[in-house]
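Worksheet: one structure, shown below.
The values are calculated or read from the model by the stated rules, or taken from the named source; none is laboratory data. Everything numeric in this text was worked out from a predicted model, so none of it was measured. Glycine gets a Cβ as well: all are built from the backbone with ideal geometry, and neighbour counts include every protein chain shown.
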Amino acid sequence: MWKQTESSSKGANPQDGEGWLVNDQQGLVCEFSVDDPSIQDSWTTIRTFRWRKPDYPIPQSRRRLLRDGAIEEWKRMQAAGWRRCFPPVR
């Protein structure tokens, strides 16, 4: 099950480089997580899951972006109607 909350600052980036977004209309949940940083670049993994209550999320895609690209993607997704949520309770 997912616990969802509205962030007080919708445009804010996750403080630690990690976070979850949900889109109820599309039935998708997206996880942003920091990969092991390389010497020169900081990478972020973005995993997308199909989700219908009360079932467990089904993995759909996984991609890696540089931190700057991940920040832009986070902002773009929030502008498109995605909202911040808590990670799943397992």
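Worth a mention:
- Scanning the range 35-55 for residues that are part of a loop (DSSP other than H, G, I, E, B), out of contact with any helix residue (DSSP H, G or I) (no Cβ under 7 Å at 6 or more places or on another chain) and either surrounded by 13 or more Cβ atoms within 10 Å (Cβ to Cβ) or among the small types (Gly, Ala, Ser) (or both) gives 35, 38, 51.
- For the range 35-70, residues that are hydrophobic (A, V, I, L, M, F, W, C) and in contact with an Asp or Glu (Cβ under 6 Å, 6 or more places away or on another chain) total 2.
- Test: residue in the range 78-90 that is more than 12 Å from residue 19 (Cα to Cα) and modelled with pLDDT under 90: yes
- Of all residue pairs spaced 6 or more apart or on separate chains, those with beta-carbon atoms under 7 Å, a first member in the range 21-36 that is under 16 Å from residue 76 (Cβ atoms) and touching a residue at least 24 places away in the same chain (Cβ under 8 Å) and a second member that is surrounded by fewer than 17 Cβ atoms within 10 Å (Cβ to Cβ) and of a type in the set (Asp, Glu) are 32/18.
- Beta carbons closer than 8 Å, at least 6 apart along the sequence or on distinct chains, pair a first residue in the range 54-70 that is free of Cβ contacts under 8 Å to residues at least 12 places away in the same chain with a second that is among the basic types (Lys, Arg) and in a strand (DSSP E or B) for 58/50.
- Residues located in the range 56-75, provided they are of a type in the set (D, E, K, R), in a strand (DSSP E or B) and farther than 17 Å from residue 41 by Cα: 62
- Residues satisfying the stated conditions in the range 24-69, i.e. closer than 16 Å to residue 86 by Cα and of a type in the set (A, V, I, L, M): 28, 29, 46
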